Structure formats: structure tokens, C-alpha cells
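These notes concern the structure reproduced below.
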Protein chains: 2
Amino acid sequence: MASGRNHGFHIPNPHIREMEQDVLYHIALETKSHDLPAMFGNVKFVCVGGSPNRMKHLADYLQEQLHVEIPAGMTLCNLGKGKARYAMYKVGPVLCVSHGMGVPSLSILLHELFKLLFHAKCKDVTIIRVGTSGGIGLDPGTVVVTEEALNTFLEPYYTQVILGKETKKPSVLDRGLAEAILGCSSPKDNFKTVLGKTMCANDFYEEQARLDGAVCTFTEKEKMDYLHELYAAGVRNIEMEAVAFAAMCHRVNIKGAVVCVTLVNRLKGDQVTATNEIMREYQRRPQRIVGRYIRQQLGLD
Amino acid sequence: MASGRNHGFHIPNPHIREMEQDVLYHIALETKSHDLPAMFGNVKFVCVGGSPNRMKHLADYLQEQLHVEIPAGMTLCNLGKGKARYAMYKVGPVLCVSHGMGVPSLSILLHELFKLLFHAKCKDVTIIRVGTSGGIGLDPGTVVVTEEALNTFLEPYYTQVILGKETKKPSVLDRGLAEAILGCSSPKDNFKTVLGKTMCANDFYEEQARLDGAVCTFTEKEKMDYLHELYAAGVRNIEMEAVAFAAMCHRVNIKGAVVCVTLVNRLKGDQVTATNEIMREYQRRPQRIVGRYIRQQLGLD
């Protein structure tokens, strides 16, 4: 099994070349029983997002937008169905995969996804997180393209404890990709798309300064002061994966972008109270922007 | 909306009493449109685990074991279906809920679950994580009941960054509960059940010293030295939720236990290669132990 920089990206793990087979446990694929190059060799774009349902919707949307033909009697199939911890749909050159919530869940997926792309001999792959977030000082429904991913100390690092020692990996995103995606917004859109910094928290309630968790140890004034500090530092939204996503893509040299809609303006409240219909419409917005970017790259526009 | 210590546990958040309604967003329930006391008021046990499929299996198993009658024409229903980020099944006095993978995903669930139990006016609830893990120095298929949950520095703390400052919450489990669950193992079982310390990592590959991730920066010798250090410190398994589970249960004064089967002996390898059939049998083992404990508590034995 070969390793190295020969597929447009780099798998920085010398042990991989010594493995006779590789079981990608959480995505229920393996090198021995699956012909990964045949199944995935043509993948050029990977879209990831938290929820399995949302990824199914994105796959259906891209199937239309990219004119991917599905033979009569067939339907898009969840490749992870029943066995994997993630939902995975393949739409021509695009793979849409759910990553669950939070950095650890995302990191398991990215380790196995990067190895999948490597084993499948994919080249020039771009990966985009299409997600949801809480906004700061933005109207709910605004789409934020992340210009820099920060941890909860507002540092551009993904921190891990490896063999008992703390290590910090730089969370670097591709600036050109972010700007190209931003350029796919249109004045005709009924929502705004902006560039901004994204803070990645490891919980939804306390680390995001919400007053409505089961536990809360701060006052409303302390919360508001903190959110205004974040805004002053250029943070426009908070989610739970960006810093690890950026650092892991950077580490393997795959271009990555984070495109999230904001479901709430945190300067005005904590709870997500929009109706299901409005929420669905919001969640389609980053999908539309990313769909346009992929169409453009595939020469369909 | 009342708050305080009046339901056998404590919701340490003074803001909750000021809220007119509470949207438990990720479990798709709310105080205004759902009669939570009617739906959940009789809950005495909550079982949580990573995978939705496994929680469905546990619910089916408990339905049999606890002789919970399901009226003709009905079936166990995923209360989160379609809208929630977690799968939730109610089997008489037991709620079985998936929590996804990793501390952040678990923490979102526990915040909302604790508020659900509070709003539903539940009393004397016990919560048990029924999960999977990597074992250290144990035959695969061994069940570990956690005596102490440790972070990757081998400290009994759940670390969060709240309003930009690091805070450490003690991860205390109920010793009596762990021993009572351990006492439900039987010499007739075709597997061992042991008490041991559990290390909680924030990733499956690098933080758990696996050589088979997309990224690996250490040698096999460094890995083995580290795993032997963990063993010497009393760690018998590694998973990805225990430290936050213990700390959050302790904070709200709900008795909690962690009961995980080991899928692999990390001293002998990294990859999870057992067949699906063996894996399913392994995953049923902690369910059997916990099922016996619940039967005993409900006076069914």
C-alpha cells in the first residue's frame, strides 16, 4: 500500500504503507472488500455537515443542480446505511457526508475520509463544510464564509493531547477558496453572504455563553460583554467544528472552506425559535451558494 | 417556570426560572407545545449510547426484559425522528437516547435531557452510558464498569472554556451505582465484567495513540510505552465521553454510571476488525448487564 504526496494531497502517516488492509470502521468501508478507486476515484468535491437529513437534502439538491442522471428504478443511496456512524451520499463527483456534532465526531470522519480519498486515488479534491451556526450581530439567515477559524481562546489553533502532551495545530483555511465561494453570492439573493471569523466551541451552551443550558454560572451582562468582545475581534458566528476542520485539511494539504448559515442573532437571544419552515429555508442558503460554486468549477455555468 | 432542587436533582441555572418557554432544540421538544410531565414524568432510568441503531436495539431488548406491553398495532417510535439530532425511545420507565460521538455531542444532549427531566418533574433518575470502547490489556468483548473517568492528562476533570476562561469540573461517578452494576455480572456469562478507570479522549486516532489515522506523528514504541503507562495508572479502557458524562451528572446531582464493552485490545492492535456478527454480540453484553440492573431495581427479579 503506497503512501506519500502522490495524490494531490499528503497523508502524513508512514504507518499506512505497512498496513495490509485498512478498515475505515466508522464509515463502514474497507480496502480489502471494497474497490475504493472504482467507487470513489472520480470524487472532486466533498461536502460535509452535521445532520444526516441535511446532507440527504444537499445530495438531492446537487443531483438536480449538477444534472447527475439517476437511472430509472434507482435512487440516491446512503452508503453508510445501517452500519456506519455517518450518512454518505455520492452524486457524481460530489460526496455529501454527515459529520455529527462537535470536533471529536468531525475528526473521526475526516481521518477516515482522508484515508478513503487516498486509497481511492482521488486528485485535486476540495472539501466544504456546509453547516449551521449562531450569528453575532447578523440577521438570522445570513450566510458566513469563514475567513479564519478560532478556538475559544480566539487563537487559530486546534489543540489535541497526543501521548499525554498538548499539541497545537494551525487552523489554516484557503483564502482563495473562501473568496471564490463568497463571489458566488448574488445581489438577487434574499439573504446576505459575508466573510467573517468563526469561533469553534466545544459545547452549545456554556462555551457559547448561552443562558439557557442546564448549567449556567454567569450573568446576562457577562454574556453580553463577552459576545461584544467576540464581535470586536471580528467573530461573526460560532459553531462547533471549524477549528479542527481547518487544521486537519491544512495538515493533509486539501483545500477546505466553511460556509454556515446563522440560525439566530446571539446579541438578541439564545434559543433557536424559528419555525421549521423558516429553518429549512435558512439551511438551504449555504447549499445554494456552494451549489453555484461547484457548478462553476465543473463548467456548468 | 420553577427552578431549584425540588425534583431530586438540581438545575444550577437561575435563568431557567425566567424563561417563558424552553425549546430543547436538538431533541425537538418544547415546553409550550409538548406536555412533558405527561410524556416523560414516569422516567426513572435513562440509557445513553453513541449509535442510534444500538439505542434502538437496547430499547427493543429492554421492552422484552421489562415486560413493557406495546398495544397491538403499535411499535416503539423514535421520538426524535426527522427533526432531532438524536434518536430517542421510551420503554416504560426507561428512556434510551443516542448521544453521537465525543464530548461536545454528548454535552448538548445532556443539557437538554436534564432540562427535559426537570420540566417533566422526574424524580430519582439514574443515567447509564451503555457504550463501546477500546480496551487495554483485556480480551475484546470484556465489559468495563468505570470506577473513575479521566481526561487525557489522566486527571478526573472535564475542562471547558467559559467566557474565554478555562474551568475544570470534577468528573465524579457514583461508586455505589458502579458496584451495584458490577454485581449484576454472573459467573455464567461468557465474558468478563470488570471495574476499571476509563480515559476519555477527544479523538479516535491521535489522542488514543492509534497508528492508523490519516495523521500520525509517533512511533509504534512510543505508542506502546504510552498504553503501558495508562495500564499502570489503572486505565482499562478508552472512549470519548466519560469525563463530561461524569462531570455533568455530578453537577446536577443525578447518579451516573458508564458501562462499555471493549471492541479491541489496544495492546495488540488498533483496527476494529471483528466480524459484524461478533461485534453485535459484543455490543449486547453491556446491555445485558444494565438490563439486569434495571430489572432488579424495578423488582422484576
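The values are calculated or read from the model by the stated rules, or taken from the named source; none is laboratory data. Predicted model, so just to flag it, every value in this text is computed and none were measured. Cβ: placed from backbone, ideal geometry, glycine included. Neighbour counts: every protein chain shown. Quick note on the areas: whole protein, heavy atoms, side chains included, nothing else; ligands and nucleic acids left out. Shrake-Rupley method; radii C 1.70, N 1.55, O 1.52, S 1.80 Å.
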Practice prompt. Note down all Cβ pairs under 6 Å where the first residue falls in segment A:19-30 and is within 8 Å of chain B (Cβ to nearest Cβ), the second is buried (at least 19 other Cβ atoms within 10 Å of the Cβ) and part of a helix (DSSP H, G or I), and they're at least six residues apart or on different chains.
Written response: A:HIS26/A:ILE108; A:HIS26/A:GLU112
Practice prompt. Kindly indicate whether any position in segment A:152-162 is within 14 Å of chain B (Cβ to nearest Cβ), more than 27 Å from B:ASN202 (Cα to Cα) and out of contact with any strand residue (DSSP E or B) (no Cβ under 6 Å at 6 or more places or on another chain).
Written response: no
Worksheet item: So how many residues does segment B:79-125 have that are within 13 Å of the chain's Cα centre (by Cα) and more than 13 Å from chain A (Cβ to nearest Cβ)?
Response: 3
Discussion item. Six or more apart or on different chains, Cβ atoms under 6 Å: show the pairs whose first residue is in segment B:173-192 and in contact (Cβ under 8 Å) with a residue 60 or more places away in the chain and under 27 Å from B:ASN151 (Cα atoms) and whose second is in a helix (DSSP H, G or I) and hydroxyl-bearing (Ser, Thr, Tyr).
Written reply: B:ILE181/B:TYR293
Worksheet item: How about segment A:25-67: which of its residues are buried (at least 16 other Cβ atoms within 10 Å of the Cβ), over 21 Å from the mean Cα position of the chain (by Cα) and in a loop (DSSP other than H, G, I, E, B)?
Response: A:THR31, A:HIS34
Worksheet item: Given the conditions (1) out of contact with any Lys or Arg (no Cβ under 6 Å at 6 or more places or on another chain); (2) away from chain B (no Cβ under 13 Å); (3) closer than 27 Å to A:TYR231 by Cα, which single one is not true for A:LEU62?
Response: (3)
Item to complete: For A:ILE136, state whether it is in contact with a helix residue (DSSP H, G or I) (Cβ under 7 Å, 6 or more places away or on another chain), more than 11 Å from chain B (Cβ to nearest Cβ), crowded, with 21+ Cβ neighbours inside 10 Å and at pLDDT 95 or above.
Response: yes
Worksheet item: Among the residues of segment B:263-277, how many are at pLDDT 95 or above and more than 12 Å from chain A (Cβ to nearest Cβ)?
Response: 4
Response to the item:
Residue hits (segment B:208-239; touching a strand residue (DSSP E or B) at 6+ places or on another chain (Cβ under 6 Å) and either among the polar types (S, T, N, Q) or facing chain A (nearest Cβ under 7 Å) (or both)) are B:GLN208, B:ASN237
Fill in: Lone unmet requirement of (1) open to solvent by 20 Å² or more (accessible area, probe 1.4 Å); (2) in contact with a Ser or Thr (Cβ under 9 Å, 6 or more places away or on another chain) for A:LEU76
(2)
Discussion item. List the residue pairs whose Cβ atoms are under 9 Å apart, where the first residue sits in segment B:199-211 and is within 18 Å of A:LEU113 (Cβ to Cβ), the second is of a type in the set (Phe, Trp, Tyr) and crowded, with 24+ Cβ neighbours inside 10 Å, and the two are 6 or more positions apart or on different chains.
Written reply: B:ARG210/B:PHE204
Worksheet item: Would a scan of segment A:272-288 turn up a residue that is of a type outside the set (Val, Ile, Thr), touching a helix residue (DSSP H, G or I) at 6+ places or on another chain (Cβ under 7 Å) and in a helix (DSSP H, G or I)?
Response: yes
Worksheet item: Which of the residues spanning segment B:213-227 are within 26 Å of the chain's Cα centre (by Cα) and touching a residue at least 24 places away in the same chain (Cβ under 8 Å)?
Response: B:LEU227
Worksheet item: Among the residues of segment A:183-220, which ones are farther than 18 Å from A:LEU267 by Cα and of a type in the set (Val, Ile, Thr)?
Response: A:THR193, A:VAL215, A:THR217
Worksheet entry | Verdict on B:GLY82 being surrounded by fewer than 14 Cβ atoms within 10 Å (Cβ to Cβ) and under 25 Å from A:HIS26 (Cα atoms) | yes
Worksheet item: Yes or no: A:CYS260 of a type outside the set (Lys, Arg) and either within 11 Å of another protein chain (Cβ to nearest Cβ) or part of a helix (DSSP H, G or I) (or both)?
Response: no
Worksheet item: Looking at segment A:2-10, is at least one residue within 10 Å of chain B (Cβ to nearest Cβ) and open to solvent by less than 60 Å² (accessible area, probe 1.4 Å)?
Response: yes
